[in-house]
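One structure is given below, encoded as structure tokens.
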Amino acid sequence: MRRVLVAGNWKMNGSKAANVDLITGLKAGLGDIGDTEVAVCPPFIYLSSVAEMLDGTGAAWGSQNIAVPESGAYTGETSGSMLNDFGCTYAIVGHSERRALYGETDQLVAEKYAAAHRAGIQPILCVGETLEEREGGITTEVVARQLDAVLSLEGVESLNEAVIAYEPVWAIGTGKTATGDQAQEVHAFIRSKVAEQSADVAKGVRILYGGSVKGANAAELFAMEDIDGGLIGGASLDAAEFLKICSAGS
Ligand code: 13P
């Protein structure tokens, strides 16, 4: 059985005061969400304080990015070993915002995925098509290309220590969620792609859905056979809403 994971991607949101409120709200409800695994991914500058606040709660935390090199003259970067110093569990790699706004290519994303692994951190590999690509009928081609970049660099077994997040770009921050069936179709495709190389890895790898997940639509999505949780943007900034999503996974 794959344990449901609900991870909050705070993106570039938060403040010292807002984070205390949000984490306090989360802590109050974490006991009532059943077996769902919970993780939050705040901006880098807040990671260690959020990690301290979460200590002892069972909730994990992750970064939204990771450097490829391990140390050295790379101004503005943060390495896997630095993250690991604080007990980081996850690192989001290949989010569509980084691909689109910061020019991250499939190859760079694969190198970041590898860097996370080297540090003992589980990458959350984001894949997904734009609206134009969906309308052009090339959704699976795009997702396969994004996945292949990682599989050819790191091998299929690396997915034993990783999470995949399918995030259709047209559903991110738009309020337009993919329906359960639409998402399931791509999730099943991703699992079948992995199964071509290893049936065992395919059976175990968690594939999260991301894109306008809310308390009201989470249960429909998480009920799908190949959807193993969610990567949550906007709704992860509201403790009650995020907890509702977490409960939908139990
Ligand atoms: P929203 O939930 O705000 O649509 O964002 C999804 C996302 O990009 C999570 O990584």
| Counting only the backbone N, which residues of region 80-122 are under 13 Å from the spot 7 Å out from the Cα of residue 145 toward its beta-carbon? | 105-107
| Accessible surface, region 78-170, averaged per residue in Å² (probe 1.4 Å) | 41
| message | Loop-only chymotrypsin sites (Phe, Trp or Tyr not before Pro) in region 48-106, please: DSSP not H, G, I, E or B, and at most 12 other Cβ atoms within 10 Å. | response | 74, 102
| field | Pairs of lysines in the chain (C-alpha under 16 Å apart; 8 or more residues apart or interchain) | value | 4
| Along the Cα-to-Cβ line of residue 153, 7 Å from the Cα, sits a label point; which residues in region 85-107 have backbone N less than 19 Å from it? | 90-107
| Within the accessible area of the chain, what % is carbon and sulfur when the probe is 1.4 Å and the other protein chains stay in place? | 51
| note | To the nearest 0.05, the calculated FRET efficiency linking residue 138 and residue 44 through their beta-carbon distance, R0 being 41 Å, is 0.75
| request: Treat each spin label as a single point 7 Å out from the Cα along the C-beta direction, and report the residue 71 to residue 216 distance in nm. | output: 5.1
| remark: With region 194-250 reduced to its Cα atoms and the Debye formula applied, log10 I(q)/I(0) at q = 0.17, 0.29, 0.31 1/Å amounts to -0.55, -1.11, -1.23
| Along principal axes, Cα extents of the chain, largest first, whole Å | 46, 45, 33
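Could you give the Stokes-Einstein D for region 1-140 in µm² per second, using the C-alpha Kirkwood radius, 20 °C, 1.002 mPa s?
Calculated translational D: 132 µm²/s.
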| request: Place the peptides 12-22, 37-47 in order of packing, highest mean first, counting for every residue the other Cβ atoms within 10 Å and averaging per peptide. | output: 37-47, 12-22
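The values are calculated or read from the model by the stated rules, or taken from the named source; none is laboratory data. Just so you know, these numbers come straight off a predicted model, no measurement behind them. Positions of Cβ are generated from backbone atoms using ideal geometry, with glycine treated the same way; all protein chains shown enter the neighbour counts. Heads up: the accessible areas ignore ligands, DNA and RNA and are worked out on the full protein's heavy atoms, side chains in. Shrake-Rupley method; radii C 1.70, N 1.55, O 1.52, S 1.80 Å.
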